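The values are calculated or read from the model by the stated rules, or taken from the named source; none is laboratory data. Just so it is clear, the structure is predicted and the values come from calculations on it, not from any experiment. No Cβ is skipped: glycine too gets one built from the backbone with ideal geometry, and neighbour counts run over all protein chains shown. Quick note on the areas: whole protein, heavy atoms, side chains included, nothing else; ligands and nucleic acids left out. Shrake-Rupley method; radii C 1.70, N 1.55, O 1.52, S 1.80 Å.
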Amino acid sequence: MTESRTTPATAGEADAQSGESIGDGRTGRVEGTTPEPVGDDGRETTAGESAERPRETWREHTFEGEAILSVDDLNVWYGDDHALRDISIDIPRESVTALIGPSGCGKSTFLRCLNRMNDRIRAARVEGTVSYDGQDIYADEVDLVELRKRIGMVFQQPNPFPKSIRDNVAYAPRKHGDIERGLLPKLLGRDDTDSEDELVERCLRDAALWDEVADRLDDNALGLSGGQQQRLCIARCLAVDPEIILMDEPASALDPIATAKIEELIDELAEDYTVVIVTHNMQQAARISDQTAVFLTGGELVEYGATEQVFENPQSQRVEEYITGKFG
Amino acid sequence: MARHEYQAALEELRTDVAALGDDVLAQLDRSLHALEHDETAAANGVIEGDAEINDRYLELEAACIDLIALQQPVASDLRFVVASFKILTDIERIGDLATNLAGYAIGTDGEAIADVTLFEIGAAAHDLVEDALAAYETGDADACHRIAERDDEIDSRCHRASERVVRDLIEQEAGAVDPWEVEAAIDDVSSVLLTIRDLERVADHGVNIAARTLYLTENDPALLY
C-alpha cells in the first residue's frame, strides 16, 4: 500500500466509507446492470428543486489549450447507490476547476475518481474512462504509486505526519528513492542532503509557508496552526512533483485569514499545476476558479462552463436555484 | 436554506425602485404640465420635491450595496441587483431633468415655449419611461426592444424641433437691431433648445432602464451599446 503514503486518507474519510479496503478499482462494463433512473425526469430531487432535463449544451465548455484530464461517460456505484451518472468532462491544463453542488451530489466521489482513490472502497464500482494526458488511468498496467505522485490530493482536514516539518516534505521523495541520505549514501558518495534541503525549501516556498517556518524546520508539524498545516500538506503534495492537485474542501476547516492564504496559494499554483477543487463555499469557487462544474442531486453533472458564465448566467434553472440559495 | 429574508429583500428592492420611478414620473408630469400651462406654482412644487427623490435614491442605492455586501447575490439575483443599482441612477437623473424643465417653466415666457410639438415630445418621453419602468417591474424583455426603437423616433422629432426653432430665429429675428430684443430672442431660443435637449435625455434614460432590464431578464447586453 505504498500509494497511501503520498495520498494518505484522513480518519474522517475512512469513517465515511465503511469496509474500506483495497479493491480492484473499476469493474468491467456489464450490459444491463445500469439501474434505470427514477421517473420520466429521472431524478429524485432535493426538496424545492425544479424538475428539468439537463441538456448536453449546458456541459459544453470550450477553452484554449489542451485538456490534461478527459473524463468520458463515468459512472460510479456504491453498492446499489448510483453515485455518479454518465459524467463527461474535459479539464484544462494549468487552471483551477471548481466542483460544486449540494451534499451527496457526487462531487467528492468524482474528485476521488481522478486519481483512483475510490479503488480503496470495496463497494465502489467505476465504469467509463478517465484519461490523463491521453492515458486511461483505469487501465490494468497503470502504476498507482506513480499515478498518485502525478495526481496528488489534499484533504479537508490538514493531516501532516507527526514528524518534523522537514520530514513531512521530504518523506515521500525519500520513500520513493528520489532522495538518499544517511551514513551509507554518504560513504558511497550519494548523499542528497543538499538537494533535499533545496527540495524542502522550494516546496515550502511554493506552498507559501517558507517564511513562516524557515527557522524551525525540525519542529514537529503538529505544532503548526491549522492553516499552516494545510499549506504543509500542499508542500508535501508538491514534493513528489505532481502535475495535478486534487483538493477536497481544503479550506473548510480554516479561519478566513488562513482561507485567504490558501486561496491565494491556489491561484499561484495554477500557473504551474492543474488544480481541481471541491468546495461547499460558492463564493470561494467564484473567486478562485477558471471553470466551474455543478453537480446536482442524483450524481449528475448538470452544468460546466467558465466560472463567470456559471455565476452570472447559468443555463440550468436548477443550477440557478442552487447557487442563489433557493435549495441545497 | 431557502434564504427567505434575502428573497424578501430582493422583492422589496424591486417594489421600491418601481415606486421611486412612479414618483419621478409624477414629477415629470407636473413639469410638463407647468411648461404647457405656464404654471409657476406647480413648477416650484417639482423643484422642492427633488430633495426627497434624491434622499430615497440614496437609500435604495445603499440597499443595493447592503445586498451585495451581505448576501453576495449571484446569477439572476446578481443581475437584478446590479441592474437596479444602475436603473436607480437613471431614475434619479430623470428627476433632475424634471427639475430642469420646471426651472424653464418658471424662467421663460410661456409663449416662447408654446410649441405643440414640444409637448408631444414630452408626452412621448414620459410614456417611454413609464413603459420602461413597467418592463423592469414585470421583467418584460420584449418590451425593452420596442422601447429602444421608440427612442429613435423621439430623437428625430427632437432634431426636427431644434432645427425649426433655429430656423425661426434666423427668419424672424435676422433683421432685429434692438439689442434688448436680440437678447430676449436668444434667451427664449436657448430655453426652448434646452427643453428639447432635456426631453431627449429623459427618453435616453428610459432606454437605459430598458437596456438594464433586458440585461437582468435575459443576460442580453444588446441594448447597452
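Descriptive notes on the structure:
- Once C-alpha pairs closer than 8 Å and six or more residues apart are averaged by separation and normalised to the residue number of the stretch B:121-225, the relative contact order reads 46 percent.
- Between amide H atoms placed 1.01 Å from N, distances below 5 Å from A:Glu60 occur with A:Tyr304, all of them 5 or more places distant or on a separate chain.
- Taking all protein chains together and rolling a 1.4 Å probe, B:Asp168 ends up with roughly 60 Å² accessible.
- Exercise: per-residue mean of other protein chain Cβ atoms within 10 Å, B:74-81: 5
- Estimated dipole of the protein assembly as shown in Debye, rounded to 20 [Cβ of Lys and Arg +1, of Asp and Glu -1, Cα centre]: 3420
- The protein assembly as shown: Rg to Rh, with Rh as the Kirkwood radius over Cα pairs: 1.18
- Each of B:Ala124, B:Gly107, B:His33 was placed along the dipole of chain B (beta-carbon charges, centred on the mean Cα), and the one lying farthest toward the positive end is B:Ala124.
- Contour minus Cα-Cα distance for A:Asp86 and A:Asp194 (0.36 nm per residue): 34.0 nm
- Eigen-decomposition of the gyration tensor built on the alpha-carbon atoms of the stretch A:67-324 gives equivalent ellipsoid semi-axes of 34, 22, 15 angstrom, largest listed first.
- Across peptide A:313-324, the average count of Cβ atoms from other chains found within 10 Å of a residue's Cβ is 3.
- Spatial offset of the stretch B:144-191 relative to the stretch A:70-98 amounts to 67 Å, using the alpha carbon center of each.
- Neighbour-limited loop hits for GluC sites (Glu not before Pro), the stretch A:242-328 (at most 13 other Cβ within 10 Å; DSSP other than H, G, I, E, B): A:Glu271
- Shape of the stretch B:3-224, Cα gyration tensor, a/c cut at 1.5: prolate
- For the stretch B:3-224: accessible area per residue (Å², 1.4 Å): 47
- Accessible surface comparison of B:His126, A:His176, probe 1.4 Å, protein chains only, largest first: the order is A:His176, B:His126.
- For the chain pair B and A, the buried solvent-accessible surface (1.4 Å probe, both sides summed) amounts to about 1100 Å².
- Sequence-distant contacts, meaning Cα pairs under 8 Å at least 6 residues apart, place the relative contact order of chain B at 27 percent.
- Accessible area expressed per residue, the stretch A:67-324, with surrounding protein chains retained (probe 1.4 Å, Å²): 37
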